[in-house]
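Notes follow the structure.
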Amino acid sequence: MGFDPRVDLGRGLVLPNPIGTASGTFGYGFEAEEMGSLIGLGAVYTKGTTLHPRQGNSPPRISETRAGMLNSIGLQNPGVDVVATAYARRWLDWRVPVVVNVAGADQDEYVRVCERLSGAAGVAGLELNISCPNISHGLDFGTDPGRAAQLVAAVRRVTELPLLVKLTPNVTDITEVGRAVQDAGADAVSAVNTYVGMKISLPERRPVLRGLGLAGLSGPAIKPLALATVGRLRRSLLIPIVGIGGIASSRDALEFMVAGADAIQIGTANFYRPGIAVEVARECLEFAAGEGLAGWGDLRQLEPVDSSRS
Ligand SMILES: Cc1cc2nc3c(=O)[nH]c(=O)nc-3n(C[C@H](O)[C@H](O)[C@H](O)COP(=O)(O)O)c2cc1C
């Protein structure tokens, strides 16, 4: 039997390969389309989309750190109407599935955005960002298993689209939230969003990024943390996991699959190497051929151990 590079994230969302680009680091895919660098990608996960257009926070809102970056963009996006009409129409012609990342200030906003996107041909799936550290109240859903489950159940009622839930690592036990959203009807989870961080300007005696000074840390600095989190989730969930965090090479991506990721997303690395995701996808496929794998699952070493759920 030949190697099957596809990945099934549930409810009909089948990616041509596991390697996608992470929300907020790849826009809505149009720049990549112009550069011809969509070909070979497994999925595009869009910028977080809200009901109304948002300008985001005032600059500075990104800053480099020793092994990554901090951001406090604050969900700049054109609003769901533009995404569900003009943008979705363009995605219809693409081979690469586009998963729209969704954010909201409250449950009602999430539900309305998802409902609007459900009617839009061209949208392959939804990724609920219940974990944005850069808007007020944005973290509440992701840190509370009960509220997270309620939100997922409410969204599930208004859409038949594949539903991914993006988890925050800024919690004591991410598996509790993971299990709650799994039980509430999520088809897959994405893990992880950024870690809360801060950078200080010593001359100015204040945080570099405005507001509370808190921002989201991403990039190589978080890779071991994210790997550990994916491993923990793999041991307690039965649904697919999309691994994210500091992935910048095919080796990184393959390591996430060993730890239990079914698919992966590349974020920060897009900023310094546009086109990296396509390269990583190609190299992963070469690796699979060289190793004689039958499917990506052959790489996995960690399996669910929660016997009460099997
Ligand atoms: C500038 C920037 C903007 C981001 N915007 C979003 C967003 O709108 N929604 C979301 O779910 N995640 C967002 N993220 C988080 C990334 O999708 C990803 O989870 C995180 O950066 C970790 O992956 P990485 O280390 O490969 O960057 C953003 C990250 C960055 C760096």
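Percent of Cα pairs in the stretch 188-310 per distance bin of 5 Å, from zero to the largest separation: 2, 11, 18, 18, 17, 13, 8, 6, 4, 2, 1, 0. If you sort the three axes of the alpha carbon gyration tensor as a ≥ b ≥ c, you get a/c under 1.5 for the chain, which makes it rounded.
Computed extension length for residue 300-residue 64: 81.7 nm, one decimal, from 0.36 nm per residue of separation with the Cα-Cα distance subtracted. How far is the Cα center of the stretch 152-185 from the Cα center of the stretch 57-129, in Å? The distance from the Cα centre of the stretch 152-185 to that of the stretch 57-129 comes to 17 Å. Site pair residue 105 and residue 176 shows an inter-label distance of 2.8 nm when each label is modelled 7 Å from Cα along Cα→Cβ. Each peptide in 53-63, 78-88, 217-227 receives the mean, over its residues, of other Cβ atoms within 10 Å, and ordering these scores from highest gives 217-227, 78-88, 53-63. In the calculated pair-distance distribution of the stretch 80-202, the portion above 17 angstrom amounts to 55 percent of the Cα-Cα pairs. For the chain, what does the relative contact order come out to in percent, with C-alpha contacts under 8 Å and a separation of six or more? 20 percent.
Full-extension gain between residue 6 and residue 55, please, as 0.36 nm times their residue separation minus the C-alpha to C-alpha distance.
On the way: separation 49, 0.36 × 49 = 17.64 nm, distance 3.66 nm.
Difference between extended and current length: 14.0 nm.
For the chain, the membrane-span-like helix rule (DSSP H, alpha carbon extent of at least 15 Å along the helix axis, mean Kyte-Doolittle at least -1.0) picks out 107-118, 145-158, 223-236, 276-291; this says nothing about an actual membrane.
With the simple spin-label model, which puts each label point 7 Å out from Cα in the Cβ direction, the residue 204 to residue 86 separation comes to 3.3 nm. Which FRET efficiency value, to the nearest 0.05, is calculated for residue 34 and residue 258 with the Förster distance at 45 angstrom and r the Cβ-Cβ distance? Computed FRET efficiency for residue 34 and residue 258: 0.80.
Out of the DSSP beta bridges found with both residues in the stretch 107-246, what percent are antiparallel (nearest 5)?
Taking every DSSP beta bridge within the stretch 107-246, about 35 percent pair in antiparallel fashion.
Note: the stretch 1-122, Cα convex hull, 148 Å³ per residue.
Remark: relative contact order (the stretch 28-157) = 24 percent; criterion is Cα-Cα distance under 8 angstrom and separation of 6 or more residues.
Inter-label distance, residue 121 to residue 249: 4.4 nm, where each label sits 7 Å from its Cα along the C-beta direction.
For the stretch 190-310, the relative contact order works out to 24 percent when only alpha carbon pairs closer than 8 Å and six or more residues apart are counted. Of all DSSP beta bridges in the chain, what percent run antiparallel (nearest 5)? About 40 percent, rounded to the nearest 5. Phi-derived couplings, Karplus 6.51 cos²θ - 1.76 cosθ + 1.60 at θ = phi - 60°, listed residue by residue for the stretch 203-219: x, 8, 6, 7, x, 5, 8, 6, x, 6, x, 7, 8, x, 8, 9, x Hz, with x used for Gly and Pro. The residue 238 and residue 214 beta-carbon pair, evaluated with R₀ = 22 Å, returns a calculated FRET efficiency of approximately 0.05.
Over the chain, DSSP H runs of length four or greater, each weighted -39,500 (n - 2.57), average out per residue to a 222 nm ellipticity of -8500 deg cm²/dmol.
Counting other Cβ atoms within 10 Å as a rough exposure proxy, the listed residues 35, 69 run 35, 69 from fewest neighbours to most.
Full extension of the segment from residue 76 to residue 95, taken as 0.36 nm per residue of separation minus the current Cα-Cα distance, would add 4.2 nm.
Compactness check for the stretch 144-183: Cα Rg over 2.2 N^0.38 Å is 1.15. Each peptide in 122-130, 292-300 receives the mean, over its residues, of other Cβ atoms within 10 Å, and ordering these scores from highest gives 122-130, 292-300.
Read the figures in this text as sums done on the coordinates, not as results from a lab. Everything quoted here is computed from the prediction, not taken from an experiment. Methodologically, a virtual Cβ is constructed for each residue, glycine included, from the backbone with ideal geometry; neighbour enumeration extends over all protein chains shown.
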